Structure formats: structure tokens, C-alpha cells
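Each remark here refers to the structure printed beneath this line.
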Amino acid sequence: MRTVIVTDPPRASTEQVDKLAEYGVATVHEALGRTGLLGPELRPIQDGARVGGTAVTVLCWPGDNLMIHAAVEQCRPGDLLVVTTTSTCHDGLFGELFATALAYRGVRGLVTTTGVRDVADLRAMDFPVWSAAVSAQGTVKATAGAVNVPVVVGGQLIHPGDAILADDDGAMVVPREDIDEARVKSQARTEKEEAARRAFREGELGLDRYGLREKLKELGVTYVAADH
Ligand SMILES: O=C([O-])CC(=O)C(=O)O
Ligand SMILES: [Mg+2]
């Protein structure tokens, strides 16, 4: 494997990423044409965290967290660590010691296709984590990999410096060059949803609001009178 550490990739502005993160993953994902989601496998270990950060990417060998140690040195305030492995691995590559070192550097959280451990401590220290598994399985520090190279997570290409957003609904990537567009579209979607919410509170049906009766007709759906 080609091993490389890129020391200073261009990053999205932390301020822009923070503002985008406020909209939440579902809204931004929808606003960008249902793109960017890193898949349902990456689950939050905590409740209620909503964060955004600039990706520092880490490619590890399975069962080996050497490159996470190398990545910590590359992290800056506003970053979010994205870890994956060269083949599927659910071992506990990451825990509270790494989180302690990252929190010191102002890192916003971790998204990883691996397992994590020390989850009670991670929750207690408010270090947000999205992972594919929880596993106490220990790992070694023996094999070189890469830091800040493009990686693929959940079928999505992540470049170092891209925006990563994560909350209770999952994690997503927004390419650095799409952040402004994502904000404009997310704001529009938020306003549209607020109008729909007001209408639904008053009893309006989605069928009428979105013109879906015509759609059902088009699809040849037959209504059967319900007994209520
Ligand atoms: O040290 C490790 O291998 C992972 C871990 O448990 C920690 O970061 O606390
Ligand atoms: Mg530990």
C-alpha cells in the first residue's frame, strides 16, 4: 500500500461548516438531492449530539490503529476525524485516550467504519462518535496507512477538508466546494418544512398539499371506503 501523510490539505471554513451543521443531516442531505449520506451502519453512541467539522481522513490497516496516532498530530480546531480500514474491521480501534488527545486539539468528533470502545467514558466526556460497532477488541500499532488522502465511506467519496455533518440521524459529507450551495438550499428547505408543519398542525393533508391525489390517480390506486 502507498503510505502517505498529507500535512496541510485545504479545509472548509469552520464558521461555514458550523452554520451548515445547524440544519441537521436529514435536511442538508435532502437539500443536496439526497446525496452525501454515509449510510445507516454508522450509528451515534450518544443521544442528541449535532456537530460539523472538517474531515481529517485516516486509512488504517484492519486491527491496527497506528495511523490514528499519526492523524492526531495533523488535527486542528474544527476538524472531525474520519477513520476507515483497507478491509472491513469492527475492532475497537478508538477509545477515550484518543478522544482525550483529540479534544485537546479542538476536534469535533469521530466518524469511523470500525468499532469503538470506552463508550461510557466517551459519552461522559461529551466526545461525539458515530461508528459501525462497539467492540472492546484491542488492536496493534504495526502497519503504515495514510492520513488525509481521499477515502470512501458508505459509498461516498470524502476528501480531506470536506465538511462532515453528524447527528442522531447519521453522518454525511458535503464536498468543500458545495458548502455555500448547501446552505442556501438547506435554508429554503427548512422554510418549506416550517410552512408544511404549520399546515399539518391545522389538519391539512400531505395528499392535498403536495398534489398527491393526482399522483395516486395516475398510478391507478383504488380507494376503498374505511369504516370510521
Ligand atoms: O488505545 C487504544 O487502542 C484505543 C483505546 O482504547 C483508547 O483510545 O482509549
Ligand atoms: Mg481505552
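The values are calculated or read from the model by the stated rules, or taken from the named source; none is laboratory data. Keep in mind the model is a prediction, meaning the values are calculated, not measured. Positions of Cβ are generated from backbone atoms using ideal geometry, with glycine treated the same way; all protein chains shown enter the neighbour counts. We work out accessible area using only protein heavy atoms, side chains counted, and drop any ligands, DNA or RNA first. Shrake-Rupley method; radii C 1.70, N 1.55, O 1.52, S 1.80 Å.
Only one entry in ALA103, ALA136 is in contact with a Phe, Trp or Tyr (Cβ under 8 Å, 6 or more places away or on another chain), open to solvent by 10 Å² or more (accessible area, probe 1.4 Å) and within 21 Å of GLN46 (Cα to Cα), namely ALA103.
Summed over segment 121-133, residues that are open to solvent by 30 Å² or more (accessible area, probe 1.4 Å) and more than 11 Å from ligand 2 (Cβ to nearest atom) total 5. Counting residues in segment 77-91 that are within 16 Å of ligand 2 (Cβ to nearest atom), surrounded by fewer than 23 Cβ atoms within 10 Å (Cβ to Cβ) and over 17 Å from VAL152 (Cα atoms) gives one or more. Of the residues making up segment 55-79, just one is over 18 Å from the mean Cα position of the chain (by Cα), farther than 11 Å from PHE94 by Cβ and assigned to a strand (DSSP E or B), namely ASP64. Selection of segment 9-34 for residues being touching a residue at least 40 places away in the same chain (Cβ under 8 Å), assigned to a loop (DSSP other than H, G, I, E, B) and either open to solvent by 60 Å² or more (accessible area, probe 1.4 Å) or out of contact with any Gly (no Cβ under 9 Å at 6 or more places or on another chain) (or both) yields PRO10, TYR23, GLY24, LEU32. Which members of segment 86-123 meet the condition of being away from ligand 1 (no atom under 11 Å from the Cβ) and hydroxyl-bearing (Ser, Thr, Tyr)? Within segment 86-123, THR86, SER87, THR88, TYR104, THR112, THR113 meet the criteria. Regarding ARG108, is this residue of a type in the set (Lys, Arg) and loosely packed, with under 15 Cβ neighbours inside 10 Å? Criteria not met by ARG108. Among the residues of segment 80-124, just one is assigned to a helix (DSSP H, G or I), in contact with a strand residue (DSSP E or B) (Cβ under 6 Å, 6 or more places away or on another chain) and not β-branched (Val, Ile, Thr), namely LEU122.
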